[in-house]
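Okay, structure first, notes after.
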Amino acid sequence: MVKIKHPRLSKPPLYKVLLAFTMIYFIIFGILMAHTAGQPDQAPHNYYSQKYSETWGIPEENLNIRYTFIGQPYLYYWLNGAIYKVYNSLFPTGKLRPVLMWRLMSVFYSTLTVFFTYKLASKVTGNPYAGVLVSFLLSNTLMFVFVSGGISNDNLMNLAATAAIYHLVNIYKREDFIWQTALTGIWVIIGSLAKEQFLLLTLIIFLAWLFFVICNCRKINLEFKRKNIFIILIFIGSLVLFLGLYGTNLLRYSRTTPACAQIKSVGSCRTYGYRYDFYKPFNLQWIWFARDDLTNPIKYGITYWGFKMIESIWGILSETSFIPMLSVSLHGVLILWALFCHFFYWQPKDTNATLLFVILLSYCVYVFLWNYKTEVEFNFQHYGVTGRYLLPILGTLLTLITHSFMKIKSLLLKRITIALVVLLYFAGGFGMYISRYAEIFSHWRIYY
């Protein structure tokens, strides 16, 4: 009698199970935040998405309002509009409101950001469990999850930033140069077409790529395989869209994106009029006269800006705000501990950690200088000083933090550190949401 052999299904590795759990965990948290009000700039994001849902091209300008379409990054809104049009054609009697649909799409983009953060951390540390840990940390960062539940082009930009940095690390890992370069370029263009703020990160990533090429030009192996040719064509198509937007703007308006007043009347463009009561043109001479004041750049950075970034990333600072001071303070202490470990255990051959640190530092310096210039212009009224502008490199920061802790030589100290990190992030993330729901988040609840 012939015995029939039944194929045995191999069990997935534990890290894949943990990753799947983390992704589901984040999706649940993100959907809960999608039913929460108060995310930043909801009115303009909703307006743009609504207008793009009415056409497959660029919507017509309304000269009586301040929102402009000409020369503006459009990809996030175009995708929102396309998704709604497809849904409406498939389900003409569907009851899913576009606002909820676009919020859920933001959760989808951020879920991919969590996944690429896992891939980035796994690549840098060489440990998939460290990648799962970093994705868990990101899933419990309050401001990131809060923004992920809203209609915001930040979510697509954050995804593009994390994915582009991941593929840049692959280049430094000497993986297929053409494939990884093209993917890096595609993600960079996606981020740039989603939000103008991404252009600085585009420059940083390009300079890092150029540095690698110059240092390794004789070692680079160019393989023009079929898949590489295919991805190059996609990159070229994306590059055409990039140049079509920003190249045209530079030629026509002498700016990366035109100011509203270059398209419409000044009266239609004025926003936040009360702010201009404080406005004075930026002048570098001012810094000399403020050298002994608390508003000089060094004191400002130490006494205000740094902590403001921390409390508005691990807390919520938006139209509605929630700053759990104990949790925020502990996250600040954790960053200092990670910074100490990073330099104490740093080795010259650890090029990937150095690459991430340079990207992180460069972007933070830019945001600081941008914030400080605005502070000087508006008499330190703290307009636009919020940690959400650092969210594109949040995955990079969390990867560096975990990488630093994984290098701790003492096994006991390493285990204690990682255990405290997991506990802190859960208690300051989803645990915070659950424990403070009746007191805080239930009052932010919105129903569709």
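Before moving on, here are some points about what is shown:
- Counting only helices (runs of 4 or more DSSP H) that sit completely within the stretch 77-171, those holding 1 or more residues that are within 18 Å of A37 (Cα to Cα) and modelled with pLDDT of 95 or more correspond to 98-125, 142-148.
- Among the residues making up the stretch 33-53, those that are in a helix (DSSP H, G or I) and touching a Phe, Trp or Tyr at 6+ places or on another chain (Cβ under 7 Å) are M33, P44, Y47, Y48, S49, Y52.
- Any chance H403 is surrounded by 16 or more Cβ atoms within 10 Å (Cβ to Cβ), under 20 Å from T303 (Cβ atoms), within 20 Å of the chain's Cα centre (by Cα) and not basic (K, R): no
- Test result for M143, in contact with a Pro (Cβ under 7 Å, 6 or more places away or on another chain) and under 19 Å from P40 (Cα atoms): no
- Restricting the stretch 255-291 to residues that are in a loop (DSSP other than H, G, I, E, B), modelled with pLDDT under 90 and of a type in the set (S, T, N, Q), the residue that is nearest to I190 (Cα to Cα): T271
- Just one residue in the set G332, G315 is of a type outside the set (V, I, T) and touching a strand residue (DSSP E or B) at 6+ places or on another chain (Cβ under 8 Å); that residue is G315.
- Scanning the stretch 374-381 finds no residues that are within 25 Å of Y425 (Cβ to Cβ), buried (at least 16 other Cβ atoms within 10 Å of the Cβ) and modelled with pLDDT under 95.
- The sole residue among S106, S110, S89, S53 that is among the small types (G, A, S), out of contact with any Pro (no Cβ under 9 Å at 6 or more places or on another chain) and over 23 Å from G384 (Cα atoms) is S89.
- Answer from G38, G71 - the residue that is in contact (Cβ under 8 Å) with a residue 40 or more places away in the chain, under 25 Å from the mean Cα position of the chain (by Cα) and under 30 Å from G431 (Cα atoms): G38
- Residue count for the stretch 177-216 under the criterion of being in a loop (DSSP other than H, G, I, E, B) and either modelled with pLDDT of 95 or more or surrounded by 15 or more Cβ atoms within 10 Å (Cβ to Cβ) (or both): the result is 3.
- Scanning the stretch 356-409 for residues that are assigned to a helix (DSSP H, G or I), touching a helix residue (DSSP H, G or I) at 6+ places or on another chain (Cβ under 8 Å) and among the basic types (K, R) returns a single hit, R388.
- Some residue of the stretch 338-345 being in contact with a Ser or Thr (Cβ under 9 Å, 6 or more places away or on another chain), surrounded by 14 or more Cβ atoms within 10 Å (Cβ to Cβ), assigned to a loop (DSSP other than H, G, I, E, B) and among the aromatic types (F, W, Y): yes
- Residues being modelled with pLDDT under 95 and part of a helix (DSSP H, G or I) are represented in the stretch 217-227 by at least one member.
- Number of positions in the stretch 410-448 that are more than 23 Å from S329 (Cβ to Cβ) and small (G, A, S): 3
- Selection status of I418, on the phi < 0 side of the Ramachandran plot, in contact (Cβ under 8 Å) with a residue 12 or more places away in the chain and in contact with a Gly (Cβ under 7 Å, 6 or more places away or on another chain): no
- Every pair of residues 6+ apart whose Cβ atoms lie under 6 Å, when the first sits in the stretch 123-145 and is in contact (Cβ under 8 Å) with a residue 60 or more places away in the chain while the second is among the basic types (K, R): M143/R388
- Residues in the stretch 231-254 that are under 18 Å from Q197 (Cα atoms), in a helix (DSSP H, G or I) and free of Cβ contacts under 8 Å to residues at least 40 places away in the same chain: L243, G244, G247, L250.
- Residue check for F230: surrounded by 13 or more Cβ atoms within 10 Å (Cβ to Cβ) and either over 23 Å from W78 (Cβ atoms) or in contact with a Gly (Cβ under 7 Å, 6 or more places away or on another chain) (or both): no
The values are calculated or read from the model by the stated rules, or taken from the named source; none is laboratory data. Owing to the predicted nature of the structure, the values given are computational and were not obtained by experimental measurement. All Cβ positions, even for glycine, are placed from backbone atoms using ideal geometry, and neighbour counts span all protein chains on display.
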